[in-house]
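The values are calculated or read from the model by the stated rules, or taken from the named source; none is laboratory data. Owing to the predicted nature of the structure, the values given are computational and were not obtained by experimental measurement. Neighbour counts run over all protein chains shown; Cβ positions are idealised from the backbone, glycine included. When the accessible area is computed, the model is the full protein with side chains, heavy atoms only, and any ligands, DNA or RNA have been set aside. Shrake-Rupley method; radii C 1.70, N 1.55, O 1.52, S 1.80 Å.
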Amino acid sequence: MDSFIPFEWQAFLNEDNIVLLLDFIGTFAFAISGIRLAMGENIDLFGAYVIGMLTAVGGGTIRDLLLGVTPFWLTTPTYVIITLISLLIVVVFRKQLVKMNEQLFLYDAIGLGFFTIVGMEKALMLGFPFWVALFMGVSTGSFGGLLRDICMNQVPLILRKDIYAMASVVGAAVYGILDLIGVQHIVVQVVSVMVVILTRVLCVKYHISLPVLKGLD
């Protein structure tokens, strides 16, 4: 670990702990985004919790099933608790969240960024090649929102013209480049997460999107 990191933090900032921290932050952000969306549809508290949980763990569950491992949230109650805390926060601060409705996509962007890198890290730790890791990163970041939108009877965000899954691809590409040239791993993780988030935010702010596939007239 580089010398600019205090010695007392070096034991904590190992690869496993960093990935776990990224996972927890992504879970919280995605749970908030799912529960907030449910709140706008007059769904009851239990239904809102289910939507939040589905958003938070759906992508990672699909990733783990594809990788042939036990879905991560079945081995610890932490993710269930984080989603419950998210629900309580939305209930307590619902008035403030309504006022900042237009900015709530930030929670989704944050979850997308953190989960993209978590998905990549898990695939790489299991020995899969980079192209598989890239797909697992995109799946982890995007598929929870896909399941959320389907349950909410909305056109999934990943299928709209917005730059969403492509933000994951950009972040994953940056991860691969930085790792290839030998950049410190913690720096690779942080920069890649920020690239995903900034790509998503900037594309929304400046209305940047992919071309729409249109049918023949």
May I ask you to derive the relative contact order of the chain, considering only C-alpha pairs under 8 Å and at least 6 residues apart, and to give it as an integer percent? 22 percent
So what is the accessible area of the chain per residue, in Å², with the probe set to 1.4 Å? 54 Å²
Carbon and sulfur: what percent of the chain's accessible surface (1.4 Å probe)? 70 percent
Explain nothing, just the number: dipole magnitude of the chain about its Cα centre with +1 on each Lys and Arg Cβ and -1 on each Asp and Glu Cβ, in debye rounded to the nearest 20. 640 debye
Tell me the relative contact order for region 140-217 as a rounded percent, counting alpha carbon contacts under 8 Å between residues six or more apart. 31 percent
State the extension gain, in nm to one decimal, for the chain segment bounded by Y206 and Q154, taking 0.36 nm per residue of separation less the distance between their alpha-carbons. 16.4 nm
So how do 148-156, 51-59 stack up, highest first, on mean other-Cβ count within 10 Å? 51-59, 148-156
Can you compute the helix-only [θ] at 222 nm over the chain? Use -39500 (n - 2.57) per DSSP H run of at least 4 residues, normalise by all residues, nearest 500 deg cm²/dmol. -23500 deg cm²/dmol
From the C-alpha gyration tensor of the chain, pull out the three semi-axes of the equivalent ellipsoid (sqrt of 5λ each), sorted largest to smallest, in whole Å. 27, 22, 17
Contour minus end-to-end for V92 and E41, with contour as 0.36 nm per residue of separation and end-to-end as the Cα-Cα distance? 16.6 nm
Note down the nm distance, to one decimal, between modelled labels 7 Å out along Cα→Cβ at F130 and at V80. 4.0 nm
Rounded to one decimal in nm, the spacing of the 7 Å Cα→Cβ label points at N17 and V183 is 2.3 nm
Per-residue counts of other Cβ atoms within 10 Å, averaged by peptide: what ranking do you get for 36-44, 164-172, highest first? 164-172, 36-44
